[in-house]
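Only the coordinates and a few stated rules stand behind these numbers; no lab work does. Note that the structure is a prediction, hence the values are computed from the model and not measured. Please note: Cβ atoms are built from the backbone with ideal geometry, for glycine as well, and neighbour counts cover all protein chains shown.
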Amino acid sequence: MKTYRKELWFNTPHRRDFINITSQVESVLAESGVKEGFCLVNAMHITASIFINDNEPGLHRDFETWLEKLAPEKPYSQYNHNNGEDNADAHLKRTIMGREVVVAVTNGRLDFGPWEQIFYGEFDGKRKKRVLVKIIGE
Ligand code: ZN
């Protein structure tokens with residue numbers, strides 16, 4: 001069995017962003033040489049997410065609106081966590097949108113359903129943060 005590990009780095013210009021990382025994950029898979037197995041992709045920070053959904057800008061604006069209703073960024077004082085920090089909303093948004101995805105690898109390709117793409121969801125950006133890609137198989 002082969003294993004392959006790589007970190008992807010992001011530094012978003014805004015506090016919140018959604019970035020399609022599908023092609024980067026496909027490149028890591030190609031480097032790994034794995035043809036049959038599994039590919040795990042997880043955010044290594046507790047204020048960022050990895051999720052799979054449609055690459056459609058309207059949907060991404062809908063996510064932003066929905067997440068702001070569930071866990072509004074402001075006022076900062078509404079959160080117990082914001083005691084010297086201002087990112088309680090980012091922790092909550094990360095929890096809703098998820099930490100990781102696992103995608104089957106079949107014949108050297110990510111075995112997606114129709115329209116599935118992998119996204120990095122940043123909720124407390126403007127600093128360097130990492131995503132782990134771990135691939136196992138043969
Ligand atoms: Zn925090």
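Here the Karplus relation 6.51 cos²θ - 1.76 cosθ + 1.60, evaluated at θ = phi - 60°, turns the backbone of the range 111-118 into coupling constants of 8, 7, x, x, 6, 6, 9, 9 Hz, with x for every Gly and Pro. Cα centroids of the range 37-70 and the range 1-26: 12 Å apart. Only lysine pairs 8 or more places apart or on separate chains count here, and in the chain those with Cα atoms under 21 Å apart total 13.
Of the trypsin sites (Lys or Arg not before Pro) found in the range 7-67, the ones in coil according to DSSP and having at most 14 other Cβ atoms within 10 Å of their Cβ are K35. Distance between the modelled labels on R61 and R109, one decimal in nanometres: 3.2 nm (7 Å Cα→Cβ projection). In a fully extended conformation the segment linking L132 and Q78 would gain 16.2 nm over its present Cα-Cα distance, using 0.36 nm per residue.
When the expected Rg is taken as 2.2 N^0.38 Å, what fraction or multiple of it is the alpha-carbon Rg of the chain?
Values: Rg = 16.0 Å, N = 138, 2.2 N^0.38 = 14.3 Å.
Compactness ratio reported: 1.12.
What relative contact order, as a whole-number percentage, does the chain give when Cα pairs under 8 Å and 6 or more residues apart are counted?
Working: 280 pairs, mean separation 75.8, N = 138.
Reported relative contact order: 55 percent.
Relative to the longest principal axis of the Cα atoms of the chain, the long axis of helix 88-97 lies at roughly 40 degrees.
With each run of n ≥ 4 DSSP H residues scored as -39500 (n - 2.57), what mean residue ellipticity at 222 nm is computed for the chain after dividing by its residue count and rounding to the nearest 500 deg cm²/dmol?
Values: 3 runs with 35 residues, N = 138.
After summing the helix terms and dividing by the residues of the chain, the value is -8000 deg cm²/dmol.
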